[in-house]
Every structure is written in structure tokens, then in C-alpha cells.
Amino acid sequence: MILVTGGAGFIGANFVLDWLRTSDEPVVNLDALTYAGNLENLASLQGDPRHIFVQGDICDRALIDRLFAEHRPRAIVHFAAESHVDRSIHGPGDFVRTNVNGTFTLLEAARGHWMSLEGEAKGGFRFHHVSTDEVYGSLGPNDPAFTETKTYEPNSPYSASKAASDHLVRAWHHTYGLPVTTSNCSNNYGPYHFPEKLIPLMIANALAGKPLPVYGDGMQIRDWLFVTDHCSAIRAILAKGTPGEVYNVGGWNEKPNIEIVNTLCALLDELKPDPAGSYRRLITYVTDRPGHDRRYAIDARKIERELGWRPAETFDTGIRKTVEWYLANQNWVAHVQSGAYRDWVEKNYAGRE
Ligand code: NAD
Ligand code: TYD
């Protein structure tokens, strides 16, 4: 079996669902259920003996040791993190705790377990660390896309904490020989995306007739990858990746934010027209995010060349599926927009003009 951390969050839940759709290998899913973790994402697995959910913290060494001893996973796929740049600006402490100390704790527990293994079990063990393209910093308009050898230049508390975790993972391989792999992926989108990130926030606000807050001039560029393509990339790395290697994962879809927002408005105008007029009327430019990175772009040729992975979705097919999913799952959105969600929206947007 495999141990997944953060499997009740956006990408982790998609990964667990995808894993159990494509394999019968059981999953132990360790998640603290912070504001971002939601067992409703995994509702379709209720009663499925292949999914063992454990509520707990990746900083809890005793708990992780117990999970390793009890379940003896052949691999760990580490998603658990604080993941929202805007939250990291308001409160960086949790990011250092979970992303740095939590990854350290997992590495130490995994090392202890791995050292106790022998033969094939030891050789085949993997620690896969899920990271982000944001560790590489911000690109100018004509700079080449990030390759795996790009220097690290993290600019936000979020990306700095992820960069620190990447360095720990690298060092545990170099120093102790722990068989690790790391993936640095661009912005994901798709089902179960928490509606405080750009795409689901814009869909939820548009449907509620609320302003669509575009930071600064809206010309910041991100590369976008449909979440199930990220899941298939991680599966490919687990199956065929080389220990110690880093793989950049991206969708070959660089888009300015304002184009994303316009595309969402056009899809909603088609799929759920508003008698008040196009959703575009709700677009509102607001004060920029401090330290906002201008452009991210991923060169994903290494994973294609070495592991034969390419995204299956184009942006057009993925974004349509995403909007359709949100329209069909309005209850899910309503449930996650709890009191805590409303507090966050007030904290992040009230001070912006
Ligand atoms: P998310 O915020 O939706 O989910 C994070 C999950 O981790 C939640 O279920 C949360 O409860 C859990 N968690 C948080 N702290 C924990 C702790 N101390 N112990 C145990 N569980 C804890 O995040 P996501 O968007 O699904 O991202 C998952 C991973 O992928 C992160 O490591 C992130 O850095 C990375 N990543 C995300 C993106 C993206 O676009 N979302 C892109 C590239 C990489
Ligand atoms: P986000 O989804 O927070 O991902 P990240 O910052 O990790 O790339 O934001 C994506 C882009 O959208 C980023 O450039 C910030 C911008 N953005 C807005 O313009 N308005 C918003 O309300 C949010 C949440 C993000």
C-alpha cells in the first residue's frame, strides 16, 4: 500500500480518487483536516476498504512512526502543505510549521522505516515530494521557462517554505540515500479546488453576482494544468522515476489572469446565462498582492523525454470540465463556504480598493 499525506485537500483528494480508479492498491490517507481539507471530497470512497483515512498532523512523529509500523507502505506521496500564497502573507507561521517542520518529520520517519527494510522492499521504496514551480521565482516576459536546474528564487512565504522543504528532501537523498523524487508543478485547476484560489473563486463569485477581484493589472502569467494530469504525472514518477531526480510538470498553457477570468465569464455566459447580462460586468480590478510574481512557465520536456508523460487535457477541455463540475456541485461549494471561509474573504479583500 501507499501512504498519502494531505489526501483530503484539492490535489491529494483527486490523486486518491484517481489512484483507486486505476489500481486496487490500498491508500492510507493522513490529513489534519485544516480549513483546506474536506472529507466530502472523498465521499465516493465511503465504505471502500482500500481507503484508510487517518486524521492527524504530519508534525506528529509518533503517529507517523505508528503508521509506518502498522501499514508498511511501499511509498509515500507527500501533498500535505499550507498552499495559499495570500494566506502566507497574512500568517507565515503555519507555512513554516507544516511545510518545513512537517516535511522534516516525514523524512525522518521515512528514513527510519526505510533503514529497517531489506532487499527489494528497500530498493523499491519511494518518498515522492509534491512541490511547486513557485520555488523558482518570477520570470520576465522573454525568459525561458523553468527547467529542473533553474536556481531557486522564492519570493513569498509560501514559496520560501516549499523551497526549504525541497532542499530537505534533496539533502535526505544526498546524505542518507533515501530514495526520493520531487515534482515541481504549475498551477492546477479542476474539481474540488477550494474556492479561495483564482479559478474556483471567480466561478463562485460570478454565480453569486459578486465582484470578480482581479489583482493589479491582471497581466500576471501562470501555467495551468488540469488536476488529473498532475495525478498521472505523479503516478508515472512513482512507477518509473529515478531516485534523487526532480521532474517539472506543466500544462504548456501560459495565460494571463485576466484571460482566465474572461474565459470563465464566457463559459458561464454559455452554460448558465445571467439575465442581468454577461458575467464580465462583475470584473473588478483591486489592489495587487504584495510581492506578486509576474510570470511562471514550466519546461516539461524532461518528464516527457524520460517518463513518456504528457498532459491529456488541453486548457479548453479542462476549463470546460471544471466549470461544468462546479455547476453540478453547488452543494459542495455551499458547504465549504463556512463561517471560517467568510472570515478569510473579509480579511483578504476588505482592505483592497
Ligand atoms: P490544499 O491546501 O488544497 O490541501 C492541503 C491538504 O493538506 C489539506 O487537506 C490539509 O488539511 C492538509 N494539511 C495541511 N496541513 C497539514 C498538516 N500539518 N498535517 C496533515 N495534513 C495537513 O493544497 P493543494 O492545492 O491540494 O496542494 C497539495 C500540494 O501540491 C501542496 O504541497 C502544494 O504545495 C502542491 N502544489 C499545489 C499546486 C496548486 O496549484 N494547487 C501546484 C503545485 C504544487
Ligand atoms: P492563486 O490561485 O492564489 O495561485 P498562485 O498565487 O499560487 O499562483 O492565484 C493565481 C493568480 O491569480 C495569481 O497571479 C493571483 C491572482 N488572483 C487574483 O487576481 N485575484 C484573486 O482573488 C486571487 C485569489 C488570485
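None of the figures in this text is laboratory data; all of them are computed from the coordinates on show. Here the structure is a predicted model, which means the values were calculated and not measured. Please note: Cβ atoms are built from the backbone with ideal geometry, for glycine as well, and neighbour counts cover all protein chains shown.
A few comments on the model shown:
- Among S131, S165, S278: highest mean-square fluctuation, GNM of the chain, C-alpha pairs under 10 Å: S278
- Across E70, E196, E306, mean-square fluctuation computed from a Gaussian network of the chain (C-alpha pairs under 10 Å connected) peaks at E70.
- Based on Cα contacts under 8 Å between residues 6+ apart, the chain shows a relative contact order of 17 percent.
- Computed log₁₀ I(q)/I(0) - Debye formula, equal Cα scatterers, no solvent, region 239-311, q 0.18 Å⁻¹: -0.85
- Gaussian network model of the chain, springs between alpha carbon atoms under 10 Å - residue of E259, E118, E304 with greatest fluctuation: E118
- Here K272 is the anchor, and the aspartates and glutamates within straight C-alpha reach of less than 19 Å, apart from those fewer than 8 places off in the same chain, are D316, E324.
- Kirkwood Rh, Cα atoms: Rg over Rh of region 24-131: 0.99
- Proportion of all alpha-carbon pairs of region 1-81 beyond 20 Å (%): 22
- Taking other residues whose beta carbon is less than 12 angstrom from the beta carbon of A32, and scoring Lys, Arg as +1 and Asp, Glu as -1, yields -4.
- If only the Cβ of Lys and Arg carry +1 and only the Cβ of Asp and Glu carry -1, the dipole of the chain around its Cα centre is close to 140 debye.
- Kirkwood hydrodynamic radius of the chain, Cα pairs, Å: 20.7
- For Y285, nonlocal amide neighbours, meaning residues 5 or more places apart or on other chains whose placed amide H falls under 5 Å from its own, are V214.
- Cα-based Kirkwood hydrodynamic radius, region 236-275, one decimal, Å: 13.6
- Checking the cross-link pairs K162/K255; K150/K321; K210/K321; K302/K347; K162/K347 against a 30 Å limit on the alpha carbon distance flags K150/K321; K302/K347 as lying beyond it.
- Calculated P(r) of region 208-353 - Cα pairs past 26 Å, %: 40
- Estimated translational diffusion coefficient (Stokes-Einstein, Kirkwood radius over Cα pairs, 20 °C, 1.002 mPa s) of region 153-277: 126 µm² per second.
- Qualifying trypsin sites (Lys or Arg not before Pro) for region 183-285 [loop in DSSP, other Cβ within 10 Å: at most 13]: none
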